[in-house]
1. Do you know which residues across region 274-301 are of a type in the set (S, T, N, Q) and closer than 18 Å to Val314 by Cα?
2. Kindly evaluate Glu192 against the criterion of being farther than 30 Å from Lys357 by Cβ, at pLDDT 95 or above and of a type in the set (Asp, Glu).
3. Please go through region 19-60 and give me each residue that is of a type in the set (A, V, I, L, M), in contact (Cβ under 8 Å) with a residue 40 or more places away in the chain and assigned to a strand (DSSP E or B), ordered by number.
4. Report, by residue number, each residue of region 32-55 that is among the polar types (S, T, N, Q) and within 13 Å of Asp178 (Cβ to Cβ).
5. Going through Ile38, Ile79, Ile70 one at a time, which residue ends up being in contact with a helix residue (DSSP H, G or I) (Cβ under 7 Å, 6 or more places away or on another chain), modelled with pLDDT of 95 or more and either aliphatic (A, V, I, L, M) or under 18 Å from Tyr224 (Cβ atoms) (or both)?
6. Given the criterion modelled with pLDDT of 95 or more, assigned to a loop (DSSP other than H, G, I, E, B) and over 27 Å from Arg58 (Cα atoms), identify the matching residue among Ala157, Ala207.
7. Name the residue that is nearest to the chain's Cα centre (by Cα), counting only residues in region 239-280 that are in a loop (DSSP other than H, G, I, E, B) and surrounded by 17 or more Cβ atoms within 10 Å (Cβ to Cβ).
8. Look at Ala56 and say whether it is farther than 22 Å from Asp133 by Cβ and among the aliphatic types (A, V, I, L, M).
Amino acid sequence: MSNFNTIITGTGSFIPSRRIDNSHFARQTFFDKAQTVIDSPGEDVVRKFRDITGIAERRWVEENQTTSDIAAIAARRAIEAAGADPETIDQIIVAQNFGDVMRGTIQTDMVPSIASRVKHQLGIRNPQCIPYDLIFGCPGWIQGLIHADAFIRTGMARRCLVIGAETLSRVVDNYDRDTMIFSDGAGATIIEGVEEEEKRGIISFAAVSHTEEEVHYLYMGKSYNPESDPDTRYIKMDGRKVYEYAITQVPPAMKAALDKAGIDVKDIRKVLLHQANEKMDEGIVKRFYRQYGIRPETTDVMPMNIQELGNSSVATIPTLYDMILNHELNNHKIEKGDYLMFASVGAGMNINAIIYKQ
């Protein structure tokens, strides 16, 4: 008896070549939320930042590049890897949160949608190829996979292009220490429905959302510099509350996805977690396994690239996945038959997780 599987047939990513290491911020004047100058030397601020987040550098796009530009580049690479005809793509789902923001501005441009712009850049003429954006915080790319899986299983689509792309360097407040967390990047995947003897691909998923006080943990707010225009808004977060929320709420969601899959936790080969904060991610994975009475070596099960690439929101997991498949991440590999978990948390606050068999 054959199975109907939703599988990833091609991946692609765009990682900007422009490296911004931590020394870039050593002479920056930072302010706190109360708009009071932080009196610590810049070198101390940067050192503490790395100790907490693990980030040594991040990537920013070139001045002439936008989110739709880098999304299209990653998409072309995924299409090529899948050997797919772009005209056979039924849906283009782009997970993003700020649209195209031109260098030197802070204005979000989402009309037309980023997905429509990607379809245009790919030169797809098929009117039955439907492009749309998904605004879901950092878990957007995973949610895009969940959407694609639903459309494929109901027969409304056979092949989807799911992209996560962001240029956070355009929406950060240079006077806020959290500026150092954020980066740019894009990852894309071709998702297809196929009938096969073996059960593989997307096995199960779980998603939760908390929107009481949690809805304000990540938000748009004024610059911390008291001399800045109070009407101009930048990405802001309550780091402590995000951390506490993530380490308490993400592990149960991961467990829900795994329990639905009906497989043993020891069968999970890799946990590809949103690259948000090194210590936070390690805490999430340890708490996840603790629910099953296991204490894993996180360096074996949890690949990370945040140290060099920073937090590019929706792009972190698809770029991490693409890097591993292309043998670009030392000490980590994914082989046919491996069970993977994709999991993320972000603005909303939203959480999701997928169990995937390679």
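1. As a first pass, look at region 274-301 and keep what is of a type in the set (S, T, N, Q): 275, 277, 291, 298-299.
Answer for region 274-301, where residues must be of a type in the set (S, T, N, Q) and closer than 18 Å to Val314 by Cα: Gln275, Asn277.
2. no
3. Keep residues of region 19-60 that are of a type in the set (A, V, I, L, M), which gives 20, 26, 34, 37-38, 45-46, 52, 55-56.
Still in the list and also in contact (Cβ under 8 Å) with a residue 40 or more places away in the chain: 20, 38, 45-46, 52, 55-56.
Result: Ile20, single match.
4. At the first step, the residues of region 32-55 found to be among the polar types (S, T, N, Q) are 35-36, 40, 53.
Thr53 - this is the single residue of region 32-55 that is among the polar types (S, T, N, Q) and within 13 Å of Asp178 (Cβ to Cβ).
5. Details: Ile38 fails: modelled with pLDDT of 95 or more; Ile70 fails: in contact with a helix residue (DSSP H, G or I) (Cβ under 7 Å, 6 or more places away or on another chain).
So the residue among Ile38, Ile79, Ile70 that is in contact with a helix residue (DSSP H, G or I) (Cβ under 7 Å, 6 or more places away or on another chain), modelled with pLDDT of 95 or more and either aliphatic (A, V, I, L, M) or under 18 Å from Tyr224 (Cβ atoms) (or both) is Ile79.
6. On the way: Ala207 fails: assigned to a loop (DSSP other than H, G, I, E, B).
The conditions single out Ala157.
7. Within region 239-280, the subset in a loop (DSSP other than H, G, I, E, B) is 262-264, 274-277.
Then keep just the ones that are surrounded by 17 or more Cβ atoms within 10 Å (Cβ to Cβ); that gives 274-277.
Details: His274: 6, Gln275: 7, Ala276: 9, Asn277: 12 Å.
Once the filter is applied, the top-ranked residue is His274.
8. Values: farther than 22 Å from Asp133 by Cβ: yes; among the aliphatic types (A, V, I, L, M): yes.
Yes: the conditions hold for Ala56.
The values are calculated or read from the model by the stated rules, or taken from the named source; none is laboratory data. Quantities reported herein were computed from a predicted structural model and do not represent experimental measurements. Backbone-built Cβ (ideal geometry, glycine too); neighbour counts: all protein chains shown.
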